[in-house]
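Asker: Would you mind keeping the following structure in view while I ask a few things?
The values are calculated or read from the model by the stated rules, or taken from the named source; none is laboratory data. It should be emphasised that the depicted structure is a prediction, and the values quoted were computed from it without experimental measurement. Here the Cβ positions follow ideal geometry from the backbone for every residue, glycine too, while neighbour counts run over all protein chains shown. Calculation scope for accessible area: heavy atoms of the full protein, side chains included, ligands and nucleic acids excluded. Shrake-Rupley method; radii C 1.70, N 1.55, O 1.52, S 1.80 Å.
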Amino acid sequence: MKLGLGTVRFGRDYGVGDRDRVPPPVVAEMLAHAAAHGVSVLDTAAEYGESEAVLGVALGESGGGDWRIVTKTPALCPEDGRSAARAAGRKLRDGLERSLARMRRSSVYGLLAHRPDDLRGPAGDDVFAAMRRCRDDGLVERIGVSVYSGDEADEFLGRFPFDLVQLPANVLDQREVGNGRLARLRRDGVEVHVRSVFLQGLLLLPIERIPPYFEPIRETLRGYREAATAAGLGAVEAAVQFAAARIEADCLIVGAGSVAEFAEIVAAFESPSVDFDYAPFAVSDTRFIDPGRWPAAA
Ligand SMILES: NC(=O)c1ccc[n+]([C@@H]2O[C@H](COP(=O)([O-])OP(=O)(O)OC[C@H]3O[C@@H](n4cnc5c(N)ncnc54)[C@H](OP(=O)(O)O)[C@@H]3O)[C@@H](O)[C@H]2O)c1
């Protein structure tokens, strides 16, 4: 498993903790730290505010480097999903070309459909065909979808021969532990990227700073943190080691708000793993493990 750097906070405020957007000089330092530790995957999106443009400047100034950038499509179909299929395919191509221009690149490593509903509706076949044309034209190496669960991954990979998928997993969201799904996808040639290993920072917040919305799982979080401490694991270490030990993935996409935060993640990823029973801390209630279901104020 490799480590990848998520860049939503390079372009806008994000997360449950300190949330603030990362200023460009700090972005440059984080990219230098990434390069120094063999972290080459960068996860961005057209809808991450200035993220792609900030990457374009920072990577240009750092003189290139062997970065594997994964970006994501803009919204392709109106909420009702009833978009003229051709329009969705055209929007996708235009969107990728604008993303490449912002990143000052002629191609990227991966393109993910950002909104699963864009593939679910009548335009799905045209969206997939447009993605495949982008790959055939050398604008992208791998095409896929970013989903909110393993079941969604099966839904789309059963319909479209994608070769890249991104999904969430963490100590609270253990839906993919032990079911063999991700191993099967990888055997079928699909590259698997996992995100939300800190559940947008919730798993790292001091217990007293956990927002009220999460009251029903506060004792689970407290128990997990106490058990991790008893095992000699810090919060970042425990969360990173869970993913490395229990999730079958090619890349772990992590977010950070500073060089210090990112350096701590890299150090945790490089440290020897400690045997720790994560099973008691799994939460099945998607109101808490699916950020898509969190109220905006959470
Ligand atoms: N649908 C999608 O495709 C989708 C959805 C979500 C995310 N993503 C991708 O995944 C990336 C990561 O986002 P995520 O939701 O998965 O976040 P995450 O990695 O689970 O958590 C990131 C947050 O954890 C906190 N953190 C990180 N290192 C820390 C440290 N050493 N000490 C204390 N706090 C620390 C930071 O928040 P504080 O500084 O606020 O504490 C940071 O913003 C995004 O940048 C994006 O690229 C994609």
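Asker: In region 192-208, what count of residues is obtained for those that are part of a strand (DSSP E or B) and open to solvent by 20 Å² or more (accessible area, probe 1.4 Å)? Working first, answer last.
Answerer: Let us first name the residues in region 192-208 that are part of a strand (DSSP E or B), namely 192-195.
From what is left, the residues that are open to solvent by 20 Å² or more (accessible area, probe 1.4 Å) are 195.
Here the count works out to 1.
Asker: Quick one: count up the residues across region 125-135 that are touching a strand residue (DSSP E or B) at 6+ places or on another chain (Cβ under 9 Å) and open to solvent by less than 10 Å² (accessible area, probe 1.4 Å). Let's see the steps before the verdict.
Answerer: If we filter region 125-135 for residues that are touching a strand residue (DSSP E or B) at 6+ places or on another chain (Cβ under 9 Å), which is where we start, we get 127-128, 131-132, 134-135.
Remaining after also requiring open to solvent by less than 10 Å² (accessible area, probe 1.4 Å): 127, 131, 134.
Final tally of qualifying residues: 3.
Asker: With respect to the numbered conditions (1) surrounded by fewer than 22 Cβ atoms within 10 Å (Cβ to Cβ); (2) over 12 Å from residue 73 (Cβ atoms); (3) in contact (Cβ under 8 Å) with a residue 40 or more places away in the chain; (4) not charged (D, E, K, R), which one is the sole condition not fulfilled by residue 103?
Answerer: Result: residue 103 fails condition (1) only.
Asker: Please count how many residues of region 154-170 are part of a strand (DSSP E or B) and either in contact with a helix residue (DSSP H, G or I) (Cβ under 7 Å, 6 or more places away or on another chain) or of a type in the set (Phe, Trp, Tyr) (or both). Walk me through it before giving the result.
Answerer: Here is the first cut: in region 154-170, the residues part of a strand (DSSP E or B) are 164-168.
Retained after the next criterion (residues that are either in contact with a helix residue (DSSP H, G or I) (Cβ under 7 Å, 6 or more places away or on another chain) or of a type in the set (Phe, Trp, Tyr) (or both)): 165, 167.
Adding up the residues that qualify gives 2.
Asker: Related question: Anything in region 41-69 that is without any contact (Cβ under 8 Å) to a residue 40 or more places away in the chain and over 19 Å from residue 25 (Cα atoms)? List them, or say none.
Answerer: Hit for region 41-69 is 66, nothing else.
Asker: Look through 139, 182 and report the one residue that is more than 16 Å from the ligand (Cβ to nearest atom), within 16 Å of residue 253 (Cα to Cα) and surrounded by fewer than 23 Cβ atoms within 10 Å (Cβ to Cβ).
Answerer: Working: 139 fails: within 16 Å of residue 253 (Cα to Cα).
Exactly one of 139, 182 is more than 16 Å from the ligand (Cβ to nearest atom), within 16 Å of residue 253 (Cα to Cα) and surrounded by fewer than 23 Cβ atoms within 10 Å (Cβ to Cβ), namely 182.
So that you can scan it fast, the table gives a plain yes or no per residue for (1) within 20 Å of the chain's Cα centre (by Cα); (2) at negative phi; (3) at pLDDT 95 or above; (4) part of a loop (DSSP other than H, G, I, E, B):
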residue: 117; (1), (2), (3), (4): yes, yes, no, no
residue: 125; (1), (2), (3), (4): no, yes, no, no
residue: 128; (1), (2), (3), (4): no, yes, yes, no
residue: 132; (1), (2), (3), (4): no, yes, yes, no
residue: 143; (1), (2), (3), (4): yes, yes, yes, no
residue: 152; (1), (2), (3), (4): yes, yes, yes, no
residue: 172; (1), (2), (3), (4): yes, yes, yes, yes
